[in-house]
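*Asks:* Take a look at the following structure, please.
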Amino acid sequence: MSNPTREQLERWDRELVWHAFTQMQEYEPLIFTAAHGCTLVDIDGREYLDAVSSLWCNVHGHRHPRLDAAVREQLDRVAHTTSLGASNPTTICLAERLVRLAPPGLGHVFFSDDGATAVEVALKMAFQYWRQRSGPRAEKNCFIALSDAYHGDTIGSVSVGGVERFHAMFEPLLFETLRAPAPNMYRRPAGVSREQALEWYLARLEALLAAEHRRVAAVIVEPLMQAAAGMLAHPAGYLRGVRELTRKYDVLLVADEVAVGFGRTGRMFACEHEGVSPDFLCLAKGLTGGYLPMAATLATDEIWRAFLGTAAESKAFYHGHTYGGNPLAAAVALASLDVFDEEQTLAQLPAKIARLSEHLARIVPQAHVGDVRQCGLMVGIELVQDRETGEPYPWSQQRGLAACRHAREHGVFARPLGNVVVVLPPLAISLDELDRICLAIEAGIVAATTR
Ligand SMILES: Cc1ncc(COP(=O)(O)O)c(C=O)c1O
């Protein structure tokens with residue numbers, strides 16, 4: 001590569017690179033050139049704590065020696081082999097490891113490359129399963145998802161998504177999805193108390209299942225925390241309730257742990273908090289420690305068996321991605337799981353989660369903080385115009401963005417979800433770094449809500 005000047009890089013970044021979820025007319029380049037631990041370094045050498053884990057995927061910090069070495073060692077063997085009718089030892093070992101780690105019953109792993117594709121795979125497998133199992137139920141060809149759900153940006157995952165701002169535009173392209181209300185504890189329906197909410201939301205889902213279960217292939221949920229909806233925390237017991245209802249009405253359960261998986265909630269998988277084994281488990285983001293794109297959809301024996309037969313029976317799962325199961329990504333995923341063991345990553349979390357809670361307790365009473373939601377190391381702080389009524393700030397005022405921009409001046413890189421300020425640091429974050437992140441975020445919130 002020739003040595004482009006800083007000006008060239010900024011111009012090309014503004015004019016040639018089309019950034020995700022970014023208004024390019026207003027984009028101001030922020031170019032990271034290096035990183036170490038939980039710190040990102042920009043083109044001017046300025047350092048920022050990575051308060052969003054490089055979009056919710058970094059786990060053990062950047063440039064972890066163990067993870068770096070795993071990629072290098074795999075490079076000396078082979079960078080890529082296809083998973084279409086062939087394999088490699090690293091990917092095979094990762095499948096074995098994931099099956100051992102996942103909630104019981106999920107014995108088979110289909111690899112793809114991103115969270116959205118992990119979800120696409122689960123939806124298509126569920127659809128095909130009902131057609132091919134003994135005693136087929138071909139009429140089961142639609143899905144139930146929650147309002148405000150986010151499962152990725154491909155057409156299938158958008159079809160089960162429900163974030164108005166992201167998804168409404170694409171409505172004409174989408175397949176039909178039935179919608180149950182997300183168990184939102186902050187904006188509950190009138191007359192429903194916090195204590196009644198769990199029962200109320202499960203009753204809504206049950207009413208939908210009772211009416212529609214004959215044509216429903218699966219219910220899809222983000223266990224415990226609907227991340228992109230603004231870190232919407234579900235009440236305890238909701239996931240277990242959903243599992244019971246899906247069993248009662250003979251409908252499959254897809255758990256999308258793309259955001260919540262790999263320790264974010266304090267346990268390896270969010271489903272563990274409620275002793276739930278889904279029929280499909282979707283993983284991505286933290287799977288490789290945040291190093292390389294890789295996703296996995298785990299499925300049960302019962303699903304797997306419905307796809308077995310001779311070639312002539314044409315029951316195979318006709319779906320694949322060129323880089324699915326890529327060995328470089330598998331190598332770093334295996335190393336990431338080793339680091340979980342070696343550094344006792346999960347055992348260190350309770351102290352970090354508690355420290356985060358202490359900071360949040362200080363932020364809760366702020367004049368324009370409507371709600372603070374925490375699940376493990378995932379936090380959403382919702383800024384509102386009126387704390388009494390919960391009236392939101394108009395989207396156009398971009399208060400969340402203003403808070404994060406201000407935090408950046410204090411050496412913290414964060415990215416909001418509308419008016420929700422997100423804190424989602426790598427699991428490797430130290431207590432001292434957590435303090436610095438929370439103080440910068442707090443200062444950012446004050447600055448953004450008193451202007
Ligand atoms: C719950 C959930 N599912 C799926 C996705 C999509 O993942 P990806 O961006 O890797 O396609 C995301 C991304 O944020 C997510 O939060």
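The values are calculated or read from the model by the stated rules, or taken from the named source; none is laboratory data. Bear in mind that the values here come from a model prediction, so they are computed numbers and not experimental data. Here the Cβ is made from the backbone with ideal geometry for all residues, glycine too, and neighbour counts use every protein chain on show. Heavy atoms of the whole protein, side chains included, go into the accessibility calculation; ligands, DNA and RNA do not. Shrake-Rupley method; radii C 1.70, N 1.55, O 1.52, S 1.80 Å.
*Asks:* Work from the charge dipole of segment 327-451 (Cβ charges, +1 for Lys and Arg, -1 for Asp and Glu, about the Cα centre) and give the residue of V339, G376, G400 farthest towards its positive end.
*Replies:* So the residue furthest toward the plus end is G400.
*Asks:* Using the Cα centre as the reference, give the magnitude of the dipole from point charges on the C-beta atoms of the chain (Lys, Arg: +1; Asp, Glu: -1; all else neutral), rounded to the nearest 20 debye. Walk me through the numbers on the way to the answer.
*Replies:* Numbers: 43 positive and 53 negative charges, 160 e Å.
Dipole about the Cα centre, nearest 20: 760 debye.
*Asks:* Give me the 1.4 Å probe accessible area per residue for the chain, excluding ligands and nucleic acids, in Å².
*Replies:* Working: 19980 Å² over 451 residues.
I get 44 Å² per residue for the chain.
*Asks:* Still on this structure, please answer the following. Please report, as a whole percent, how much of the solvent-accessible surface of the chain comes from carbon and sulfur atoms (probe radius 1.4 Å). Show your work: numbers first, answer last.
*Replies:* Numbers: 10830 of 19980 Å².
On the chain, the fraction of accessible area on carbon and sulfur atoms equals 54 percent.
*Asks:* DSSP loop (so not H, G, I, E, B), at most 14 other Cβ within 10 Å: list which chymotrypsin sites (Phe, Trp or Tyr not before Pro) in segment 154-190 pass both filters. All intermediate terms of the calculation are to be shown ahead of the outcome.
*Replies:* On the way: sites: F166, F170, F175, Y186; in loops: F175, Y186.
In loop regions of segment 154-190 (DSSP not H, G, I, E or B), the sparsely surrounded chymotrypsin sites (Phe, Trp or Tyr not before Pro) are F175.
*Asks:* What distance in nm separates the simple spin-label points at D301 and E272, each placed 7 Å from Cα in the Cβ direction?
*Replies:* 2.3
*Asks:* Right, here's the next one. Defining a contact as two alpha carbons under 8 Å apart and six or more residues distant in sequence, what relative contact order in percent does the chain show?
*Replies:* Working: 860 pairs, mean separation 93.9, N = 451.
Dividing the mean separation by the residue count of the chain yields 21 percent.
*Asks:* Let me ask something additional. Using the Cα atoms of segment 110-193 to build a convex hull, what is its mean projected area in square nanometres? Please report the intermediate quantities before stating the final value.
*Replies:* Working: hull surface 31.1 nm².
It is 7.8 nm².
*Asks:* With the alpha-carbon atoms as the only input, what is the per residue convex hull volume for segment 144-194 in Å³? Spell out each step's value before the answer.
*Replies:* Numbers: hull volume 4.5 nm³, N = 51.
Spread over its residues, the Cα hull of segment 144-194 gives 88 Å³ apiece.
*Asks:* Residues of segment 423-438 with the amide nitrogen closer than 13 Å to a label point 7 Å from the Cα of A361, along Cα-to-Cβ, please.
*Replies:* No residue qualifies, since no backbone N sits under 13 Å from the label point.
*Asks:* In whole Å, what are the Cα extents of segment 361-451 along the three principal axes, biggest one first?
*Replies:* 37, 26, 20 Å, listed from the longest principal axis down.
*Asks:* Convex hull over the alpha-carbon atoms of segment 75-225: what's its volume per residue in Å³? Please list the in-between numbers first.
*Replies:* On the way: hull volume 27.6 nm³, N = 151.
Hull volume normalised by residue count: 183 Å³.
*Asks:* At q = 0.10 Å⁻¹, what is the log10 ratio I(q)/I(0) for the chain, with the Debye formula run over Cα points and no solvent?
*Replies:* Log10 I(q)/I(0), no solvent term: -0.74.
*Asks:* Here's a follow-up. If I stretch the segment between D42 and A79 completely, what's the gain in nm (0.36 nm per residue apart, minus their alpha carbon distance), one decimal? Write out the running numbers ahead of the final one.
*Replies:* Working: separation 37, 0.36 × 37 = 13.32 nm, distance 2.87 nm.
Length gained between D42 and A79: 10.4 nm.
*Asks:* Next up: So what's Rg/Rh here for segment 204-310, counting alpha carbon atoms and using the Kirkwood radius for Rh? Don't skip to the end; give the middle numbers.
*Replies:* Values: Rg = 14.7 Å, Rh = 14.8 Å.
Reported Rg/Rh (Cα atoms, Kirkwood Rh): 0.99.
*Asks:* In addition: Under a straight-distance cross-link criterion of Cα-Cα below 20 Å, which lysines are reachable from K124, leaving out those fewer than 8 residues away in the same chain?
*Replies:* Partners within reach: K140, K315.
*Asks:* Looking only at the chain, where both bridge partners belong to it, what percent of the DSSP beta bridges are antiparallel (to the nearest 5)? Before the final figure, lay out each step's value.
*Replies:* Details: 32 of 49 bridges.
Bridges in the chain that DSSP calls antiparallel: roughly 65 percent.
*Asks:* From zero up to wherever the largest Cα-Cα distance of segment 294-415 sits, split into 5 Å bins and tell me the percent of pairs in each.
*Replies:* Over segment 294-415, the share of Cα pairs per 5 Å bin runs 2, 8, 10, 12, 12, 10, 10, 11, 10, 8, 5, 3, 1, 0 percent.
*Asks:* So if each residue of separation counts as 0.36 nm, and I subtract the Cα-Cα distance between A190 and E164, what length gain in nm does that give?
*Replies:* Working it through step by step, the gained length comes to 7.2 nm.
*Asks:* Given L106, H36, Q8, which one lies farthest toward the positive end of the charge dipole of segment 1-135, if we put +1 on the Cβ of every Lys and Arg and -1 on the Cβ of every Asp and Glu?
*Replies:* The listed residue farthest towards the positive side: L106.
*Asks:* Of all GluC sites (Glu not before Pro) in segment 1-44, which ones are in loop regions per DSSP and have a Cβ with at most 14 other Cβ atoms within 10 Å? Spell out each step's value before the answer.
*Replies:* On the way: sites: E7, E10, E15, E26; in loops: E26.
The qualifying sites are E26.
*Asks:* Another question about this same structure. Can you report the principal axis dimensions of segment 166-236 using only the alpha carbons, biggest first, rounded to whole angstrom?
*Replies:* Here the Cα extents, ordered largest to smallest, are 38, 29, 23 Å.
*Asks:* Run lengths n ≥ 4 of DSSP H only: what is the helix-derived mean residue ellipticity at 222 nm for the chain, with -39500 (n - 2.57) per run over all residues, to the nearest 500?
*Replies:* Numbers: 14 runs with 165 residues, N = 451.
Roughly -11500 deg cm²/dmol at 222 nm, from the helical runs in the chain.
*Asks:* Could I ask something else about it? What spacing in nm lies between the two simple spin-label points modelled at A86 and E10, each 7 Å away from Cα in the Cβ direction?
*Replies:* Using points 7 Å along Cα→Cβ, the separation is 4.7 nm.
*Asks:* Also, I was wondering about something else. State, in angstrom, two size descriptors of segment 1-81 derived from its alpha carbons: Rg to one decimal place and Dmax to the nearest whole number.
*Replies:* Using the Cα atoms of segment 1-81, the pair Rg, Dmax is 15.7, 44 Å.
*Asks:* Same structure again: For Q385 and E199 in the same chain, what is the full-extension length gain: residue separation times 0.36 nm, less their Cα-Cα distance, in nm? Before the final figure, lay out each step's value.
*Replies:* Values: separation 186, 0.36 × 186 = 66.96 nm, distance 2.99 nm.
Contour length minus the Cα-Cα distance gives 64.0 nm.
*Asks:* In terms of the ratio Rg/(2.2 N^0.38 Å) built on C-alpha atoms, what value belongs to segment 252-339? All intermediate terms of the calculation are to be shown ahead of the outcome.
*Replies:* On the way: Rg = 14.9 Å, N = 88, 2.2 N^0.38 = 12.1 Å.
The value comes to 1.24.
*Asks:* Rounded to the nearest 20 Debye, what is the dipole magnitude of segment 144-303 about its Cα centre when Lys and Arg each give +1 and Asp and Glu each give -1 at the C-beta? Please list the in-between numbers first.
*Replies:* Numbers: 15 positive and 19 negative charges, 74 e Å.
The dipole of segment 144-303 has a size of about 360 debye.
*Asks:* Same structure, new question: Which value, in debye to the nearest 20, gives the size of the charge dipole of segment 331-451 about its Cα centre, when Lys and Arg are +1 and Asp and Glu are -1 at the Cβ? Walk me through the numbers on the way to the answer.
*Replies:* Values: 11 positive and 15 negative charges, 97 e Å.
So the dipole magnitude of segment 331-451 works out to roughly 460 debye.
*Asks:* Debye calculation, C-alpha points only, no solvent: report log10 I(q)/I(0) for segment 340-406 at q = 0.26 Å⁻¹, in the same order as the q values.
*Replies:* With one equal scatterer per Cα and no solvent, log10 I(q)/I(0) is -1.15.
*Asks:* What distance in nm separates the simple spin-label points at R415 and R214, each placed 7 Å from Cα in the Cβ direction?
*Replies:* It is 4.5 nm.
*Asks:* Hey, another quick one. For segment 362-448, run through the GluC sites (Glu not before Pro) and keep only the ones in DSSP coil with at most 11 other Cβ atoms within 10 Å of their Cβ. Intermediate values should be presented prior to the final figure.
*Replies:* On the way: sites: E382, E388, E409, E433, E442; in loops: E388.
In loop regions of segment 362-448 (DSSP not H, G, I, E or B), the sparsely surrounded GluC sites (Glu not before Pro) are E388.
*Asks:* Taking 45 Å as R0, compute the FRET efficiency from the Cβ-Cβ separation of E342 and S134 and round it to 0.05.
*Replies:* 0.50
*Asks:* Can you tell me which aspartates and glutamates have their Cα less than 16 Å from the Cα of K285? Leave out same-chain residues fewer than eight positions away.
*Replies:* D50, D113, D114, E120, D153, E222, D256, E257
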